[in-house]
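The values are calculated or read from the model by the stated rules, or taken from the named source; none is laboratory data. All of these numbers come straight from a predicted model, not from anything done at the bench. When we count neighbours, we look across all protein chains shown, and the Cβ atoms used for this are built from the backbone with ideal geometry, even at glycine. Please note that ligands, DNA and RNA were not included when accessible areas were found on the heavy atoms of the full protein model with its side chains. Shrake-Rupley method; radii C 1.70, N 1.55, O 1.52, S 1.80 Å.
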Amino acid sequence: MDKFDPISLPDGPDIPASIIESGIADVPLTSQVEVTMQRLLAAGVPIDRMNVGVRILHPLFDGMSITWTREGGAEVNYAKLVDQDGSEFRLSPFYVMLSEQQREWRLRLDTDPAAERFPLLMQLKTKGFTDYIALIVAFGGAPLHPQSYDGIGTSWSTRAPQGFSAADIFAMRAVLAPLALVFRLAIKDQITRSALDTFHGPLVGGRILSGKIKRGDGERLAAALWYSDLRNSTGLADQLPVDAFLDLLNAYFDCSAGAVMEQGGQVLDIIGDAILAFFPAGDNGGAAACALALEAAAGARDRLATLKREGSGRGSAIEFGIGVHFGNVVFGNAGTPERLKFGVLGRAVNEVARTADMTKVLKRPVVVSDEVARRATFTLADLGLHELRGIATARRLWAMEVE
């Protein structure tokens, strides 16, 4: 395995400039990789495969890569559990390079026995590839290590019998820096959006990115509100080990919040073991929003029933009630100038929580306000008038028949 000395980037053709222009224009990364590889081919560089990989900050995935081949073009792949022994990343040249703080490696696949250390390189050799070059760019001079988010790894492979020439490598290095710059901007954008979506939800995250970040920014809108509360959470927290309680709590969130998101609802807040979500009303007076909220309630109970049928210990300990209400809310920012919270405010928010409280009193898993019942096409059972804590007048409540 040979390490070769860095070569300064050439002034060369306009490929580097076009990459930067595409990045400014927010062209998708796959398109940028495809165009760049085609232009290198047109310039005589015998590339048959190119891969670029990055670490990403995402609740479901650890890494993203784009693999371009002459036959298939550019494709995106997402990887989970990349730090586990035996993962594709752990078995790749990149892991060794990062562990040994090497930025450049080259192997002749047809002659270098070191290729046998790596399953991917043996696969490439079997497919007729002859030469392989791996180049890593560290952002901001960050130190290299296998868990780093501050850089990209690229590999370049050819089937040409003679392999890559010095001129070919020169051309590849010419596009590496601008390509890394474009990926760095995309990674930062992905991290920002992923963090906002994960901790605030896509609707609130989108509002924040659009500039709604000052105290008092907001709007008044009508929505179906959805509230659920885990039963006996304090007792469970006292009885269970921390990891077991968190596992149970996540199973409950999978049932409740998972059902909301499945129906397109927005989970606005997770308050301890309670969930506040909403479905913004459209142009039909809220009927569609109420229908989706009730579908989510039925879906949450179905998920819990499935969990219990599976015989899971978590399922047997989980029980929760759901309240659904329709009303007007203020959707916006409130707090101190330095610490704001984007959410929904207003009497309707209090009323949906009190409606959910009535699931315990009335021993019904889903209780619905009259405002929802009047807009719903579901069959609901009339529970009569009931006093709700903090609400001036009695409210007619309805029950949804679910498991």
Starting from the Kirkwood radius over alpha-carbon pairs of segment 314-367, derive D by Stokes-Einstein at 4 °C in a medium of 1.567 mPa s and give it in µm² s⁻¹. 99
Can you list the GluC sites (Glu not before Pro) in segment 275-322 that are in a DSSP coil and have 16 or fewer other beta carbons within 10 angstrom? E310, E319
Please get the size of the charge dipole for segment 25-151, origin at its Cα centre, with Cβ charges of +1 on Lys and Arg and -1 on Asp and Glu, quoted in debye to the nearest 20. 160
Compute the orientation-averaged projected area for segment 286-331 from the convex hull of its Cα atoms and round it to one decimal in nm². 4.1
Please give me, ordered by residue number, the trypsin sites (Lys or Arg not before Pro) of segment 313-403 that lie in loop per DSSP and have at most 16 other Cβ atoms within 10 Å. R339, K363, R374, R389
Over the alpha carbons of the chain, what is the largest minus smallest coordinate on each principal axis, giving the biggest first in Å? 85, 46, 39
Taking the Cβ-Cβ separation of I20 and D243 as r and a Förster radius of 56 Å, what is the calculated FRET efficiency to the nearest 0.05? 0.75
With charges set only on the Cβ (+1 for Lys and Arg, -1 for Asp and Glu), what does the dipole of the chain come to about its Cα centre, in debye to the nearest 20? 800
Once you put a point 7 Å from the Cα of L57 and another 7 Å from the Cα of E387, both along the Cβ direction, what distance in nm separates them? 5.0
Residues other than L276 with Cβ under 11 Å of its Cβ, Lys/Arg counted +1 and Asp/Glu -1, net out at -2
Using the Kirkwood formula on alpha carbons, the hydrodynamic radius of segment 168-263 in angstrom works out to 18.0
Within the set of other residues whose C-beta is less than 12 Å from the C-beta of S312, count the net charge using Lys and Arg as +1 and Asp and Glu as -1. +1
Stretch gain in nm, segment V330-F199, where the contour uses 0.36 nm per residue and the Cα spacing is subtracted: 45.1 nm
With every protein chain kept in place and a 1.4 Å probe, the chain has an accessible area per residue in Å² of 49
Quick one, could you list the DSSP H helices from the chain stretching 30 Å or more along their long axis (Cα atoms) with average Kyte-Doolittle hydropathy of -0.5 or above? 166-200, 287-309
Within the accessible area of the chain, what % is carbon and sulfur when the probe is 1.4 Å and the other protein chains stay in place? 53
For every other residue with a beta carbon closer than 13 angstrom to the beta carbon of G321, add +1 if it is Lys or Arg and -1 if Asp or Glu, then tell me the sum. +2
Long-range amide H partners of L268 with built H, under 5 Å: L276, A277, F278
Using a simple spin-label model with points 7 Å from Cα along the Cα→Cβ vector, what separation in nm is obtained for E116 and D283? 7.0
Treat segment 82-147 as a sphere of radius equal to its Kirkwood radius over Cα pairs and apply Stokes-Einstein at 20 °C in a medium of 1.002 mPa s; give the translational diffusion coefficient in µm²/s, rounded to a whole number. 170
